[in-house]
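Below you'll find the structure, written out as structure tokens, and then a few comments.
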Amino acid sequence: MKKHNFSAGPCVLPQEVILKSAEAIQDFNGSGLSLIEISHRSKDFVAVMDKAQALALELLGLENKGYKALFLQGGASLQFLMTAYNLLEKKAGYLNTGTWSDKAIKEAKLFGEVLEVGSSKSEGYNHIPKMYGVPNDLDYLHLTSNNTIYGTQIKNFPKVNVPLVCDMSSDIFSRQLDFSKFDLIYAGAQKNMGPAGTTLVVVKESVLGKVSRKIPSMLNYQVHISKESMFNTPAVFPVYVSMLTLEWLKNLGGIEAIEEINNKKAQLLYSEIDLNPLFKGYSVKEDRSTMNATFNLTDDKLQATFDAMWKEAGINGLSGHRSVGGYRASMYNALTLESVGVLVDIMSELERKA
Ligand SMILES: *Cc1c(COP(=O)(O)O)cnc(C)c1O
């Protein structure tokens, strides 16, 4: 039986995408060859790469606006380094909203001065700092739109006069935003798009080429742009699956349609967390993430009972991140409202039993 997969990442993917991917592994486009044994320069795969890039830009509303979409390797973690390598000349600003921002800051410090414009570290990253200044002399400001581990999400992005760089690993394609406000967006595929192994980078070409340091080819966005994500062998399978997921999303009605479903899922779960006296949310209400809901039991003695109940109901991946504890329900695009309903039913059943 297919489980209700609340895993934080790698995460649930649409079932039709899983089936089509399995088919392509056996016989890609009726070619008599597997997707993973053909040349990445073959006509059929080049078409996959082109389509994946085009769909990413189309869904984000960034076609013909000077942006390029790249499918790179090394995960979002390599982007912590690459963004600074390519954009940081003197000083960059970082909003520290969680472990991932913290790691991005650590890498950026290898290349220049880092100004932490705000931080919620001392409060266990349970909220997004709001009142912070952004000096005009920064090379860029780096934000993390959704904090996967703590379950917080930036709802209002600051208006700034410097380039905006954003790690959108765990909420890209989940809600409507004016994506043209951002100069560089990156996202590891495995949270909302595909399997681990590729990272989407959407970059405005005009912000590149401004730092004075020499950049190694593999770390240079301009090199990857000039080779259309084929400077070296791309992650063929993850790119293909990502393309299928983006196609699925487009057929569903795009980000506008999925946002409505995501909001319904989040409302259903958060209202149970708030109304059920056995549970309490981790992050402050106004910053709650629609993708990752973090919560705790009010009475730890119920843990064994609750854990047995959700496992019995076919729920997977509900344990909180090791640094936070408690529970985390990740409700990425492909998780259905029905799956959230199953979880909410278990939570109210626990209340009846206790
Ligand atoms: C998971 C995650 C990362 C790390 O991604 P990798 O692809 O494993 O390097 C970075 N940022 C955010 C917001 C994440 O959720």
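The numbers here are math on the coordinates, done by the rules we state, and not lab data. This structure is a prediction, so every number in the text was calculated from the model and none was measured. Note: ideal-geometry Cβ built from the backbone for every residue, glycine included; neighbour counts use all protein chains shown.
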Diffing region 280-288: the Karplus 3J(HN,Hα) column from phi (6.51, -1.76, 1.60, θ = phi - 60°), in whole Hz with x for Gly and Pro, holds 9, x, 8, 8, 5, 4, 5, 10, 4
Theoretical gain in end-to-end length, Asp299 to Asn156 [0.36 nm per residue, Cα-Cα removed]: 48.1 nm
If amide hydrogens are placed 1.01 Å from N in the peptide plane, which non-local residues have theirs closer than 5 Å to the one on His4? Ile315, Asn316
Rounded Å value of the spacing that divides the Cα centres of region 18-63 and region 175-209: 19 Å
Region 254-353, relative contact order [Cα under 8 Å, separation at least 6], %: 33 percent
From the square roots a ≥ b ≥ c of the eigenvalues of the alpha-carbon gyration tensor of region 254-353, which class results: rounded (a/c under 1.5), prolate (a/b over b/c), or oblate? prolate
Based on the mean of other Cβ atoms within 10 Å per residue, sort peptides 103-113, 32-42 so the most packed one is first. 103-113, 32-42
Sum of -39500 (n - 2.57) over DSSP H runs of 4+, divided by residues of the chain (222 nm, nearest 500): -11500 deg cm²/dmol
What shape does the chain take by its C-alpha gyration tensor, where a ≥ b ≥ c are the square roots of the eigenvalues and a/c under 1.5 counts as rounded, a/b above b/c as prolate, and the rest as oblate? oblate
